[in-house]
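Inspection log for the structure reproduced underneath, given as structure tokens.
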Amino acid sequence: MDYQIKTFAELTGVSERTLRYYHEHGLLVPAVASNGYRTYSSQDADRLQLILMYRQLQFSLAEIQQLLVLPPAERLERLANQREQLVKQQAALTATLAQLDATLQNQTGGIQMTDQTKFEQFKQQAVAENEQRYGQEVTTNYGKQAKQEADQHFLGLSEAQYATMQAAEARLKTALQTYLDQPQLPSEAAQTAFEAHQTWLQTATPPRYSLAMHRGLAAMYVADERFTAYYTKLIGDQRAAEALKTIIEYYAIEA
């Protein structure tokens, strides 16, 4: 079925001005009669649906242009990947809302939570966030079983172990900030940062910790921008990930 631009605008909810803009930039090119009238087809409606979906997914117009020239199978794969990411985000948000509701209930005298339950949801949230950020590559690099063991280990942490992790992270933050003020090896601040990070790893991961593994993780903190961003935010300094890597490489030496 064919539509004139006014009818197509009413059908799709996209203004005539925006349709003309998409035409000028080659995103959506209708048939143009000799009198200059634009005519849109059902195929154009399919293409516009894609454009609007990409816009809703926060792609830029330049990115959309690149996506639209991909083979249909690859476009579908990209959309399926986006859906998978949204499902993970939805799961993480649902877990956060449940955690917030439970906390509100506990704080306002509603449903009282056991001490164990208070921290159970925080652990589940952490696992959900890690799944969203790193789940696929962890499974690829280490195998599904290893990932499941790591998740189960973390979820099985006792309240005391969870508190140990939080305390270790707090010590790491303070020590690394002190080290960055005066980077020096060896130093008390550097050793404290290393030992705090080591404690965090030994508590958080299954009983597979080794100094070699520690050094390998240190390399990732600089190579992977997600880890770099995490430590930059935690310490409040863009040098944090590189500094932690330097410290770990200095102290994580086999005897």
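Overview of results
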quantity	calculated
Boolean, residue 232 is among the hydroxyl-bearing types (Ser, Thr, Tyr), without any contact (Cβ under 8 Å) to a residue 24 or more places away in the chain and either open to solvent by 30 Å² or more (accessible area, probe 1.4 Å) or assigned to a helix (DSSP H, G or I) (or both)	yes
Filter result for the condition that a residue is surrounded by fewer than 16 Cβ atoms within 10 Å (Cβ to Cβ), in contact with a Phe, Trp or Tyr (Cβ under 7 Å, 6 or more places away or on another chain) and not hydrophobic (A, V, I, L, M, F, W, C), over 159, 188	159
Among the residues listed as 105, 65, 89, 99, the single one being within 30 Å of residue 14 (Cα to Cα), surrounded by 12 or more Cβ atoms within 10 Å (Cβ to Cβ) and at pLDDT below 85	89
Where residue 225 falls short, out of the listed (1) closer than 24 Å to residue 161 by Cα; (2) open to solvent by 50 Å² or more (accessible area, probe 1.4 Å)	(1)
Test: residue 172 is assigned to a helix (DSSP H, G or I), touching a His at 6+ places or on another chain (Cβ under 6 Å) and either modelled with pLDDT of 95 or more or not β-branched (Val, Ile, Thr) (or both)	yes
Subset tally (residues that are outside any loop (DSSP other than H, G, I, E, B), under 36 Å from the mean Cα position of the chain (by Cα) and of a type in the set (Ser, Thr, Tyr)) for region 1-48	4
Residue match in region 239-251 (condition: open to solvent by 30 Å² or more (accessible area, probe 1.4 Å), at pLDDT 90 or above and either assigned to a loop (DSSP other than H, G, I, E, B) or among the basic types (Lys, Arg) (or both))	yes
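The values are calculated or read from the model by the stated rules, or taken from the named source; none is laboratory data. What you are looking at is a predicted structure, and each value in this text was computed from that prediction instead of being measured. Positions of Cβ are backbone-derived with ideal geometry, glycine not excepted, and every protein chain shown enters the neighbour counts. Note: areas computed on protein heavy atoms with side chains; ligands, DNA, RNA excluded. Shrake-Rupley method; radii C 1.70, N 1.55, O 1.52, S 1.80 Å.
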